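*Asks:* This is the structure I want to talk about, given as structure tokens.
The values are calculated or read from the model by the stated rules, or taken from the named source; none is laboratory data. As the structure is a computational prediction, the values presented were derived from the model and not from experiment. Because the Cβ atoms are built from the backbone with ideal geometry, glycine has one as well, and the counts that use them run over all protein chains shown.
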């Protein structure tokens, strides 16, 4: 039997929270909110396996769809949707604070992680820690168009997980970018992985590594 249920919070009618809530056996736990990249949704293999791994380690996990994905089932976020997607993450944090009085962590893959990091930079203290998966440092083959303007204001500790074959930024580029961030950071480089990070061969080992590093 699955250990998760569909989750909908329509308290904020302008920005409802929709996704799946994984509940561990313990009643009161820390909580991790996970969201997806520009071309996916909260049912992606990466988010599902991570949610199961963190829940197995004792965390409550919400994997949720960003507002742009709630509005359109397919395709990338439309131009100008970033602010609303950040509001969606803010609403998700508020929803989870009604469920637990413990720590709230926020994470996301690619576009979702970028929006999570911008929100945390703009609102220090909103969450206790970030999990940023395949951070899209720049568009593929356009390394001069970096997406790090907010890094110097990011004061939330963050774990970055990045594939060595990721076209959105090399490991040396990521290492250089993390030097801008004043808060503690750690980078896990995933050998042989691209932007999607997980596959049927590496998912169990990688998820275990991410969970252990994040909780440490």
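*Asks:* From the list 211, 198, pick out the single residue that is within 15 Å of the chain's Cα centre (by Cα) and within 22 Å of residue 128 (Cβ to Cβ).
*Replies:* 211
*Asks:* Taking residue 43 and the conditions (1) in contact with a strand residue (DSSP E or B) (Cβ under 9 Å, 6 or more places away or on another chain); (2) touching a residue at least 40 places away in the same chain (Cβ under 8 Å), which numbered condition does it fall short on, given that it satisfies the others?
*Replies:* That leaves (2) as the condition not met.
*Asks:* Further, regarding this structure: Within the range 101-123, restricting attention to residues that are assigned to a loop (DSSP other than H, G, I, E, B) and at pLDDT 95 or above, which residue is farthest from residue 48 (Cα to Cα)?
*Replies:* Out of the qualifying residues, it is 123.
*Asks:* Now for a separate question. Please go through the range 188-205 and pick out each residue that is without any contact (Cβ under 8 Å) to a residue 40 or more places away in the chain, in contact with a strand residue (DSSP E or B) (Cβ under 6 Å, 6 or more places away or on another chain) and more than 12 Å from residue 170 (Cα to Cα).
*Replies:* Residue satisfying the conditions is 188 alone.
*Asks:* Still on this model: Residues of the range 151-193 being touching a helix residue (DSSP H, G or I) at 6+ places or on another chain (Cβ under 7 Å), in a loop (DSSP other than H, G, I, E, B) and either surrounded by 17 or more Cβ atoms within 10 Å (Cβ to Cβ) or at pLDDT below 95 (or both), which ones?
*Replies:* Once the filter is applied, which keeps residues that are touching a helix residue (DSSP H, G or I) at 6+ places or on another chain (Cβ under 7 Å), in a loop (DSSP other than H, G, I, E, B) and either surrounded by 17 or more Cβ atoms within 10 Å (Cβ to Cβ) or at pLDDT below 95 (or both), the range 151-193 yields 154, 156, 181.
*Asks:* State whether one or more residues within the range 169-177 are within 15 Å of the chain's Cα centre (by Cα) and more than 20 Å from residue 55 (Cα to Cα).
*Replies:* no
Quick grid of which residues meet (1) surrounded by fewer than 14 Cβ atoms within 10 Å (Cβ to Cβ); (2) part of a strand (DSSP E or B); (3) in contact (Cβ under 8 Å) with a residue 60 or more places away in the chain:
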site	(1), (2), (3)
13	yes, no, no
27	yes, no, no
39	no, no, no
63	no, yes, no
93	no, no, yes
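*Asks:* Return the only residue of 131, 89, 119 being crowded, with 24+ Cβ neighbours inside 10 Å, in contact with a strand residue (DSSP E or B) (Cβ under 9 Å, 6 or more places away or on another chain) and farther than 24 Å from residue 198 by Cβ.
*Replies:* Within the list 131, 89, 119, the selection yields 119.
*Asks:* Take the conditions within 30 Å of residue 202 (Cβ to Cβ), surrounded by fewer than 19 Cβ atoms within 10 Å (Cβ to Cβ) and in contact (Cβ under 8 Å) with a residue 12 or more places away in the chain and apply them to residue 57. Does it pass?
*Replies:* For residue 57, the condition - within 30 Å of residue 202 (Cβ to Cβ), surrounded by fewer than 19 Cβ atoms within 10 Å (Cβ to Cβ) and in contact (Cβ under 8 Å) with a residue 12 or more places away in the chain - is met.
*Asks:* Tell me, yes or no, whether the range 105-112 has at least one residue that is without any contact (Cβ under 8 Å) to a residue 60 or more places away in the chain and out of contact with any helix residue (DSSP H, G or I) (no Cβ under 7 Å at 6 or more places or on another chain).
*Replies:* First, pick out the residues of the range 105-112 that are without any contact (Cβ under 8 Å) to a residue 60 or more places away in the chain: none.
No, that holds for no residue.
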